[in-house]
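Read the structure below first, then the notes.
The values are calculated or read from the model by the stated rules, or taken from the named source; none is laboratory data. Fair warning: this is a prediction, and the values are worked out from it, not measured in the lab. Glycine also receives a Cβ, built like all others from the backbone with ideal geometry; neighbour counts cover every protein chain displayed. Side chains are part of the model used for accessible areas, which takes the heavy atoms of the whole protein and leaves out ligands, DNA and RNA. Shrake-Rupley method; radii C 1.70, N 1.55, O 1.52, S 1.80 Å.
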Amino acid sequence: MTAPAVHRDTTVTRLRKSLPAYAFLAPWIVGMLGITLGPMLLSLYYSFTDYSLLGDPQWAGVDNYARLLTDERFHASLRVTFLYVALSVPLELVFALLVAVVLNRGLRGLATYRAIYYLPSLLGGSVAVAILWRQIFGRDGLVNDVLAIVGIDGPGWISTPEYSLLTLVVLRVWQFGAPMVIFLAGLRQIPDDVYEAATIDGANAVQRFVRITLPLLSPIIFFNLVLQTIGAFQAFTPAFIVSGGSGGPSDSTLFYTLYLYQRAFGSFEMGYAAALAWVLLLIIGVLTGLNFLLRRYWVYSEDEPGGLR
């Protein structure tokens, strides 16, 4: 048998052995190409067109992106979204970590508490909870009823521009269950003998938390920070329901995703909405990249001398 024939037989044999693997991967490959990658590339094309769903897309070059520079509502949505992320993500992570530390103290029925605290993360993004939240923080809602007991006349939290965004921040913080469970799993991996050695050396509870818990938990904190930041930028349902889809009052709850929705399905400016979507992807990508660049200064790693990388 000649050398080319041997090579051909070997290739056929490898292909036959690989067929089961490709068969199992086929649903993912089809989904990736047809549901994710294909629509993404089509969206990128639409971002350079004038497209309204009612006619054929017309090539417009960079007009949609140039329009962003003079679009005041786009600027407002950026301000609102960045403020929302800057307030909600740190508060959510701090609250989740504190609850995880408390639950890590060996409470009875830990699984029950963990399930109870995780439940808001499953329900928080639903329409029903957003409607409930609007009722709770309404002019005649539960919050003002409680404040009235102590003689305080509360404002209309949802209808007042100064407070409306804060109600959505509180809703986000209330959904601390997912990062809390991850923090709890990380705390369980810290060896007890490290704390015992620190206690023998005279370290108090605060010192043990600052010098041991936080450094050893920093990879988990970083993981939660990245995930929750991306999730906060993608928040949509609470702002849509609470504001009735308008982003009001006075655009105080005009999230970026809500403005994108208004342009796409309110004004049928699909080309402009596609440009907005790609700008959002760029913003999230840049911030995620910065997080990875800065992690070497505060994330603990045993692989590097000094413990940080």
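A few points about this structure:
- Residue count for the stretch 142-171, restricted to those that are in a loop (DSSP other than H, G, I, E, B) and in contact with a helix residue (DSSP H, G or I) (Cβ under 9 Å, 6 or more places away or on another chain): 7
- Qualifying residue in the stretch 219-231 (condition: without any contact (Cβ under 8 Å) to a residue 24 or more places away in the chain, touching a helix residue (DSSP H, G or I) at 6+ places or on another chain (Cβ under 9 Å) and open to solvent by 40 Å² or more (accessible area, probe 1.4 Å)): no
- Some residue of the stretch 89-99 being in a helix (DSSP H, G or I), modelled with pLDDT of 95 or more, open to solvent by 20 Å² or more (accessible area, probe 1.4 Å) and among the aromatic types (Phe, Trp, Tyr): no
- First in the stretch 164-177 and under 14 Å from residue 138 (Cβ atoms), second anywhere and small (Gly, Ala, Ser) and open to solvent by 10 Å² or more (accessible area, probe 1.4 Å), Cβ under 6 Å, 6 or more apart: 164/252
- Evaluation of residue 81 against the conditions (1) part of a helix (DSSP H, G or I); (2) open to solvent by 50 Å² or more (accessible area, probe 1.4 Å) shows that the sole unmet condition is (2).
- Close pairs from the stretch 64-79: first closer than 15 Å to residue 270 by Cα and at pLDDT 95 or above, partner of a type in the set (Asp, Glu) and not in a helix (DSSP H, G or I), Cβ under 9 Å, at least 6 apart: 64/50; 64/269
- Of all residues making up the stretch 67-108, the number that are over 30 Å from residue 238 (Cα atoms) and among the small types (Gly, Ala, Ser): 1
So that you can scan it fast, the table gives a plain yes or no per residue for (1) under 30 Å from residue 225 (Cα atoms); (2) modelled with pLDDT of 90 or more:
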position: 140; (1), (2): no, no
position: 152; (1), (2): no, no
position: 163; (1), (2): yes, yes
position: 169; (1), (2): yes, yes
position: 173; (1), (2): yes, yes
position: 183; (1), (2): yes, yes
position: 192; (1), (2): yes, no
position: 200; (1), (2): no, no
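- Per-region count, the stretch 55-77, residues loosely packed, with under 14 Cβ neighbours inside 10 Å, in contact with a Phe, Trp or Tyr (Cβ under 7 Å, 6 or more places away or on another chain) and closer than 26 Å to residue 247 by Cα: 1
- In the stretch 115-134 there is at least one residue that is among the charged types (D, E, K, R) and open to solvent by 60 Å² or more (accessible area, probe 1.4 Å).
- Within the stretch 183-196, being of a type in the set (A, V, I, L, M, F, W, C) and open to solvent by 50 Å² or more (accessible area, probe 1.4 Å) holds for 185, 194.
- Of all residues in the stretch 216-263, those satisfying the criterion of being among the hydroxyl-bearing types (Ser, Thr, Tyr) and within 28 Å of residue 183 (Cα to Cα) are 218, 229, 237.
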